[in-house]
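For reference, the structure discussed in these notes is given below.
Readers should treat all values here as calculations from the given coordinates under stated rules, not as data from a laboratory. What you see is a predicted model, and the numbers here were worked out from it, not measured in a lab. Positions of Cβ are backbone-derived with ideal geometry, glycine not excepted, and every protein chain shown enters the neighbour counts.
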Amino acid sequence: SKLAGDPANSVYIISGRNSEALEEWLGGLPINLVAEHGALIKMANGEWQSHPAVAQSTDWKEKVGSIMRNYVRRCANSFVEYKNYSLVWHYRNVDADQGNQRAKELLSELTEYAHDLNIHVLPGNKIIEAKINGIDKGIITEKIIHDSDYDFILACGDDKTDEDMFRSLIHNDKAYTIKVGNTASYAKYNVLTPYMLNEILEMLCCK
């Protein structure tokens, strides 16, 4: 909130979470919120608006939901999260070996249908997510930057889905991208822990 309190800054939270969750957690802050990887966006003190790409049919959700529910039956303690524009199979509470194996199988099965259903299937942190094509963190990042003339851009994240955002900024010489964690990334820099990132943000607040 310190960064957002400076009128020279624009702060965006770009998340895979749905709008209801972001509203509950962050709705009281003077920041811009982006839900479901870019399907929905809400400017500070504004209303939620949907991305034009989400106007397409959601008939795909019936087929994908049926497949995911089958994996819930096959994999105890997993569950399906139903978002407005995506479906997510969670296996965080599943036995590690079984969960990883089922995740590979589900990813493979959904990928077979991806072209015909016009969806994108991606693995995340103990999840497999299916969402409509034309929506990802990189696409919404490009739109945000296109709509404003920023002289400094800092983009940070720790999830596989953040790689789309990092990739979209590779050739932007005003952008500094930071991956939280020591895994390979399209980001220009890595920090090992969220605490280290928080220190960087605190320093920016003092500038």
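Take every DSSP beta bridge with both residues inside the range 115-207 and express the antiparallel ones as a percent of the total, to the nearest 5.
Details: 5 of 13 bridges.
That works out to approximately 40 percent antiparallel.
Which of the pairs K126/K160; K42/K63; K61/K137 have their Cα atoms more than 19 Å apart in this structure? Write down the numbers at each step before the final one.
Values: K126/K160 11 Å; K42/K63 30 Å; K61/K137 21 Å.
As for pairs spanning more than 19 Å Cα to Cα, those are K42/K63; K61/K137.
Would you kindly derive the ³J(HN,Hα) couplings of the range 150-162 from the backbone phi angles with the Karplus curve 6.51 cos²θ - 1.76 cosθ + 1.60 (θ = phi - 60°), listing them in order in whole Hz, with x for Gly and Pro?
Once rounded to whole Hz, the list reads 8, 9, 8, 10, 10, 10, 10, x, 10, 10, 4, 5, 6.
Could you work out how far the C-alpha centroid of the range 24-70 sits from that of the range 115-163, in angstrom?
What the calculation gives is 12 Å, centre to centre.
Determine the shape class of the range 85-199: with a ≥ b ≥ c the square roots of the Cα gyration tensor eigenvalues, call it rounded for a/c under 1.5, and otherwise prolate if a/b is greater than b/c, oblate otherwise. Provide the component values of the computation, followed by the final result.
Working: a/c = 2.88, a/b = 1.43, b/c = 2.01.
In terms of gyration-tensor shape, oblate.
Using θ = phi - 60° and the Karplus relation 6.51 cos²θ - 1.76 cosθ + 1.60, list the HN-Hα couplings for the range 63-79 in order, rounded to whole Hz, with x at every Gly or Pro.
Calculated HN-Hα couplings, in order: 5, 5, x, 5, 5, 5, 5, 5, 6, 5, 5, 7, 9, 4, 6, 8, 7 Hz.
So how compact is the range 60-132: Cα radius of gyration and Dmax in angstrom?
When restricted to the Cα atoms of the range 60-132, Rg and Dmax are 11.0, 32 Å.
Who wins for biggest fluctuation among R73, R17, R167 in a Gaussian network model of the chain, springs between alpha carbons below 10 Å?
Taking springs between Cα atoms under 10 Å, the residue moving most is R73.
Taking only C-alpha pairs under 8 Å that are 6+ residues apart, what is the relative contact order of the chain in percent?
Details: 312 pairs, mean separation 26.2, N = 207.
Computed over the chain, the figure is 13 percent.
Compute for the chain: radius of gyration divided by Kirkwood radius, i.e. Rg/Rh, restricted to C-alpha atoms, rounded to two decimals. Could the numbers behind the result be given before it?
On the way: Rg = 17.9 Å, Rh = 18.3 Å.
Ratio of gyration radius to Kirkwood radius: 0.98.
Of all beta bridges DSSP finds with both residues in the chain, what is the antiparallel percent, to the nearest 5? Walk me through the numbers on the way to the answer.
Numbers: 19 of 30 bridges.
Taking every DSSP beta bridge with both residues in the chain, the antiparallel ones total about 65 percent.
Rounded if a/c is under 1.5, else prolate if a/b is larger than b/c, else oblate: which is the range 13-120, with a ≥ b ≥ c the root eigenvalues of its Cα gyration tensor? Before the final figure, lay out the partial values.
Values: a/c = 2.92, a/b = 1.60, b/c = 1.83.
Oblate, since a/c reaches 1.5 and b/c is not below a/b.
Gaussian network model of the chain, Cα springs within a sub-10 Å range: biggest mean-square fluctuation belongs to which of A130, A187, A53?
Sorting by GNM fluctuation, first place goes to A53.
Can you quote the Å³ per residue value for the convex hull of the Cα atoms in the range 142-207, rounded to an integer?
86
What Kirkwood hydrodynamic radius, in Å, does the range 1-51 give when the mean of 1/r is taken over all pairs of distinct Cα atoms and then inverted?
Numbers: mean 1/r = 0.0924 Å⁻¹.
Evaluated on the range 1-51, it is 10.8 Å.
If we count other beta carbons within 10 Å of each Cβ, what is the order of Y150, Y82, Y71, fewest first?
On the way: Y150 14, Y82 11, Y71 21.
Taking fewest neighbouring Cβ atoms as first place, the list is Y82, Y150, Y71.
Among S50, S66, S168, which one moves the most in a GNM of the chain with springs linking Cα atoms closer than 10 Å?
Of S50, S66, S168, the Gaussian network model singles out S66 as fluctuating most.
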